[in-house]
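Reviewing the structure listed below.
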């Protein structure tokens, strides 16, 4: 079941379309989630209250990918980098992913159903 989510991080708001994977369904079911942005060269991530296994995991993603990171129990938004360990891609951003490069470490972030 695909769905849409909205990310809010200070003045940045962007939606993403999720795919029909079981990981995406689990993340969607856990929303809303609030966290603090962690930054890591080309992607941001924040912990979510889920512990999910790898599902078609990959360590190569495209700009704008939204993923669940099993090793960190976190949702990731990619704007140019690659994950250090495999992630489950759960969707893609609807907008310019490069806007995420200005998000600072520790910035509050919210992910909710759109």
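Taking the chain as a Gaussian network, Cα atoms linked when under 10 Å apart, which of 41, 64, 81 shows the biggest mean-square fluctuation? For the chain, modelled as a Gaussian network with Cα springs under 10 Å, the answer is 41. With viscosity 1.567 mPa s and temperature 4 °C, the Kirkwood radius over alpha carbon pairs of the chain converts through Stokes-Einstein to a diffusion coefficient of 96 µm²/s. Taking packing as the residue-averaged number of other Cβ atoms within 10 angstrom, the listed peptides 86-92, 73-79 run from highest to lowest as 86-92, 73-79. Fewest neighbouring Cβ atoms within 10 Å first, the residues 55, 60 line up as 60, 55. Sorted fewest first by neighbouring Cβ atoms within 10 angstrom, 69, 43 come out as 69, 43. Neighbour counts of C-beta atoms inside 10 Å place 103, 66 in the sequence 103, 66, starting with the fewest. Helix-only estimate, please: 222 nm mean residue ellipticity of the chain, summing -39500 (n - 2.57) across DSSP H runs of length 4 or more and dividing by its residues, to the nearest 500. So the helix-based figure for the chain works out to -2000 deg cm²/dmol.
Subtracting the Cα-Cα distance of residue 25 and residue 4 from their residue separation scaled by 0.36 nm leaves 6.5 nm.
Taken together, the values in this text are just the output of simple stated rules run on the coordinates, not laboratory data. These figures come from a predicted structure and were not determined experimentally. Heads up, the Cβs are rebuilt from the backbone with ideal geometry, glycines too, and the neighbour counts pull from every protein chain shown.
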